[in-house]
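Derivation of every value follows stated rules applied to the coordinates shown; laboratory data play no part. A quick note: this is a predicted structure, and the numbers were derived from the prediction, not measured. In this analysis, Cβ positions are derived from the backbone assuming ideal geometry, glycine residues included, and neighbour counts consider all displayed protein chains.
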Amino acid sequence: MGDIIKGETGDWEIVMGLEVHAQITSKSKLFSGAATNFGGDPNEQVSLVDAAMPGMLPVLNAECVRQGVRTGLALKAQINKRSVFARKNYFYADLPQGYQISQYEEPVVGEGEVQIDLADGTSKSIGIERLHLEQDAGKSLHDQHPSKSYIDLNRSGVALMEIVSKPDMRSADEATAYVNKLRSIVRYIGSCDGNMAEGSMRADVNISVRKAGEPMGTRTELKNLNSVRFIRQAIEIEAKRQVKVIEGGGEITQETRLFDPTKGETRSMRSKEDAHDYRYFPDPDLLPLELEDAFIDECLKSLPELPDEKKARFMADYGLGAYDAGVLVADQETAAYFEEAAKAAGDAKLAANWITVELFGRLNKAGTDLGDSPISAKQIGELIGLIKDDTISGKIAKDVFDEMFETSKDPGVIVEEKGLKQITDTGAIESIVDDIIANNEGQVSAYRGGKTGLLGWFVGQVMKQTQGKANPGVVNKLLKDKLDG
Amino acid sequence: MSDMLTLTLAEARDKLRAKEITAVELTDAYLNAMEQTRDLNCYITETPEKARAMAKASDERIAAGKAGAMEGLPIGMKDLFCTNGVQSTAGSHILEGFTPTYESTVSQNLWDAGAVMLGKTNLDEFAMGSSNLTSYYGGVKNPYTKAGSNQSLVPGGSSGGSAAAVAAHAAIAATGTDTGGSIRQPAAFAGLVGFKPTYGRCSRWGIVAFASSLDQAGPMTRTVRDSAIMLGAMAGFDAKDSTSLDVAVPDFEAALTGDIRGMKIGIPKEYRVENMPADIEALWKQGIEWMKDAGAEVVDVTLPHTKYALPTYYIVAPAEASSNLARYDGVRFGLRVEGKDLNEMYENTRAAGFGAEVRRRVLIGTYVLSAGYYDAYYLKAQKVRTKIAQDFKNAWGQCDLLLTPTTPSAAFAMDEKIDDPVAMYLNDVFTVPASLAGLPGISVPAGVDKDGLPLGLQLIGPAMGEEAVLRAAGVLETAAGFSAKPALMAA
């Protein structure tokens, strides 16, 4: 569903296309042997090539090509058997060569598509325009010295995939779902770690607004958004700004804008007029990249089951709904965890429910994630088994789960230690029920006089006496029989 | 000691191996010659201590029976090659004082073969020029002068320092690099053999880039045999250069059989340019006769796009240069002239660091790559370049090699052409087409003009046709029997 902005003159639709930069997971950079680890001391991971020393030449890293092609295949995209590296020329202190080696007219990956999963359980197809390989620039540090800027070239030359979508997104939800889906795909196939906080993934959003049915408006580009939350905020703020400008009689200028999360505004970085003329031309230091069919086949064979395929399988094999399936396949660890829990429990739906509601709820609250979960998939399976064989009630199970989350103990051990086994012995429960009926004549006659709502009170009394361990089904049946009979 | 200076590289090699002379003696003779000829300005940086140490090590290897192909031979290294621990300037102020921590592949190959470095030779700034006059470190004097005149002439360029050093016996040989004629033209002007091999034969790694798709290293020597020996040591596949040719290096010296019977030599009619001096026209005819006399068959061929080669070159080369030279920005190495902000620092640094010719080419290159002009200039030039290469491919259907003059004139005076860039660019009219097609081309000293100045003839071969080129060049050299000696020469 598209977001509609209610303007003074009517409803406005947002149109968006995204350019996502994803750092390729590789030991060394796109054109040099330098390391790519995050967090090294400044300028510790810089080769002569990265520093653009005189006479240095780039040599393409085959692993980066492989990851680019695998990503293209995962995006169901056309793989171009011939692609060309070009130089994008501009001056900046953290761009040692004075140009970025990128792909321009002939990218390695062409058109493809991505299915995004929306909160209402529906899916939408977002077109991929292209994916190309390029070098990252270094980093300028402006806050280390009162009058100087420092340059850290550790990132200089790191391999990026720029994934360009078609302008197919109509809401902040769709845009964030798209980024999440891309992130999920690249993490599945291991081509990028998807870590937005460390800058491994960042997005530029091209955004315009229009009245329904009208041609596209002039777009602005929101640069370098490095979290899903910022993407959402930036879109909402920028779309409203554009509507306000247009309705105020102004025009949108095609320009690059920067989102300032602290001030909650977007502001102009540079307009089209002073945009760089990048003077792209094929890099004469590099030959065109020619891929053989066998290489592409090998890349295809190396792909794991992808999120969409897994989701379809979870829905078909486990009877899960689209939403739950979508949540569970978002990353491979969760999906694997679920499958293990479902197998141990013998009940996939219950496993899905316990994982998505109870476990995720607690993990969220604790500010951690599945990787650090104190409860193993097998333990969740065991817990569900205890519910299913009436050893404990669902209510007790939640207490047991809390205990498991605290101590990582097996549910069986907790139930045993705390004596939480459900009382299903009808005789034992019956004597308690009889006692309660005998000792509460007032309530009994009120119930029998028509206040049947008091049944819950009687159930509560029984549970109180049994510390909640009585089987609720048995309690209900006995009480009803005795009170009504 | 002076006798040693007249030895060719091949002769010196043999005497060193026979232990008739030592590398230290030979090196000392050349260091002395380097001092004697300092007035020519052949060298930007002299490295006598390094030379002596290398020569000593060579003598030890010779004694141990481990002599390499260039063992103990003292050479000049064009200052476009980065040399570890030795200032490498590219003839530019912007790299003054720049001392690399790495060694170019070609120079390393030469050291590995036992060569001794005398110093870094002068050149046109960033190899942009045909006169050596654009060097920040001053022009180089050609050791040759017109008969009866002491007017200073240029040695050609861009490898002018290398040419002058070898001609004046201030080096037994020297490296050059050739982008549009920078080895062959100065070789012709200084009575030397200059050989630009097939693009990709020699690694470009560690050579300061001018125009990446054209730059190619090669030897500058006194004889064809010397070039064959030296190229063998320079060439080879290098994984660090993606455009390097992954082919074995043949024994180039073995190609000098002296037998070209049955070889077909093409004469491209388009190289007969307007206003070509009669001396050069006559020499070309003479060359054709020499080839015939040696048993080759001479055929007329056509290279119809030749006239577009120079304009094409002066779009492609500056375009690449404008991008290649962007790294000289004052941020990391070389000259920095401060400014009030980053942009002003760039402007100040590059204005102070680059000379007029470099600035001109950066501007031309920037222009032809700009939005709105790219298709009309750069893209069109690339298309023409393909047609020029195709011309050569067609010619190889009819002949094995091409014979042309190397230059449209002999060496000119140092004050003659500097104000007219286009006249200067015309120097490359015969050398540029082979550069655009990436083909091997050699200039052989073949005669002198009316003033006694050396003139060269050029042989061009198909890609990886170095052996045939060398074989024919050897025959040409023998037939020509070039014997002119420069007026200014160490003795």
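Reducing segment A:302-331 and segment B:1-72 to their Cα centroids gives an inter-centroid distance of 75 Å.
How big, on average over all directions, is the shadow cast by the Cα convex hull of segment A:305-418, in nm²?
On the way: hull surface 26.4 nm².
With every direction weighted equally, the projected area is 6.6 nm².
The largest-to-smallest principal axis extents of the Cα set in chain A are 97, 54, 51 Å. What angle, in degrees between 0 and 90 and rounded to the nearest 10, separates the Cα long axis of helix A:426-439 from the longest principal axis of the Cα atoms of chain A? Approximately 70 degrees, to the nearest ten.
Per-residue mean of other chain beta-carbon atoms within 10 angstrom of the beta-carbon, peptide B:240-246? Please list the in-between numbers first.
On the way: counts 6, 4, 10, 5, 2, 0, 0.
Mean shielding by partner chains, rounded to a whole number: 4.
Inter-chain Cβ neighbour count for A:43-55, averaged per residue, equals 5 (cutoff 10 Å, partner chain atoms only). Apply the a/c threshold of 1.5 to the C-alpha gyration tensor of segment B:74-152 and tell me whether it is rounded, prolate or oblate. Judged from the Cα gyration tensor, segment B:74-152 comes out oblate (a/c at least 1.5, b/c at or above a/b).
For peptide A:283-290, the mean count of partner chain Cβ atoms within 10 Å of a residue's Cβ comes to 4. Per-residue ellipticity at 222 nm computed for chain A from its helices equals -12000 deg cm²/dmol, with DSSP H segments shorter than 4 residues left out and the rest contributing -39,500 (n - 2.57). A straight line joining the Cα centroids of segment A:185-231 and segment A:454-473 runs 54 Å. Most tightly packed first, judged by the mean number of other beta-carbon atoms within 10 Å of their residues, the peptides A:76-83, A:159-166 read A:159-166, A:76-83. Here the alpha carbons of segment B:371-437 define both size measures, Rg and Dmax, at 15.7, 44 Å. Between the listed residues A:291, A:86, A:212, the Cα displaced farthest toward the positive end of the dipole of segment A:4-299, a dipole computed from Cβ unit charges relative to the Cα centre, is found at A:212.
For chain A, the longest principal axis of the alpha carbon atoms and the long axis of helix A:228-247 meet at an angle near 70°.
Note on segment B:360-378 and segment A:85-130: Cα centroid distance 26 Å, given to the nearest whole angstrom.
Which of the listed residues, B:482, B:109, B:30, is farthest toward the dipole's positive end in chain B, when Lys, Arg count +1 and Asp, Glu count -1 at the beta-carbon? Toward the positive end, the furthest listed residue is B:109.
Can you give the relative contact order of segment B:400-464 as a percent, counting alpha carbon pairs under 8 Å and 6+ residues apart?
Values: 94 pairs, mean separation 29.1, N = 65.
Reported as a whole number, the value is 45 percent.
Axis of helix A:455-465 versus longest Cα principal axis of chain A: the two differ by about 90°, to the nearest ten degrees.
Its DSSP H runs of at least 4 residues, each contributing -39,500 (n - 2.57), put the calculated 222 nm mean residue ellipticity of chain B at -11000 deg cm²/dmol, to the nearest 500. Every pair of different Cα atoms in the protein assembly as shown enters the Kirkwood calculation, which places the hydrodynamic radius at 33.2 Å. A crude spin-label estimate for the pair residue B:264 and residue B:84, with each label 7 Å from Cα along the Cβ direction, gives 4.9 nm.
Determine the shape class of segment B:1-120: with a ≥ b ≥ c the square roots of the Cα gyration tensor eigenvalues, call it rounded for a/c under 1.5, and otherwise prolate if a/b is greater than b/c, oblate otherwise. Walk me through the numbers on the way to the answer.
Numbers: a/c = 2.44, a/b = 1.48, b/c = 1.65.
Judged from the Cα gyration tensor, segment B:1-120 comes out oblate (a/c at least 1.5, b/c at or above a/b).
Shape class of chain B from the alpha-carbon gyration tensor: rounded, with the ratio a/c of largest to smallest axis under 1.5.
For the pairs A:398/A:421; A:451/A:482; A:398/A:480; A:349/A:464; B:15/B:66; A:181/A:343, flag any whose C-alpha to C-alpha distance is greater than 21 Å. Before the final figure, lay out the partial values.
Working: A:398/A:421 13 Å; A:451/A:482 15 Å; A:398/A:480 27 Å; A:349/A:464 31 Å; B:15/B:66 15 Å; A:181/A:343 26 Å.
Beyond 21 Å: A:398/A:480; A:349/A:464; A:181/A:343.
As a length-normalised measure over Cα pairs under 8 Å and 6 or more apart, the relative contact order of chain A settles at 14 percent. Please give me the summed charge of the neighbours of residue A:153: other residues whose Cβ is under 14 Å from its Cβ, Lys and Arg +1, Asp and Glu -1. Result for the local shell: -2.
Ordering A:20, A:49, A:2 by Cα displacement along the dipole of segment A:1-69 toward the positive end leaves A:49 in first place; charges were set at the Cβ atoms of Lys, Arg (+1) and Asp, Glu (-1).
Simple spin-label estimate for residue A:434 and residue A:195 gives 6.7 nm between the two label positions (7 Å along the Cα-to-Cβ direction from each Cα).
Our summary gives chain B a relative contact order of 18 percent, counting only alpha carbon pairs under 8 angstrom and 6 or more residues apart.
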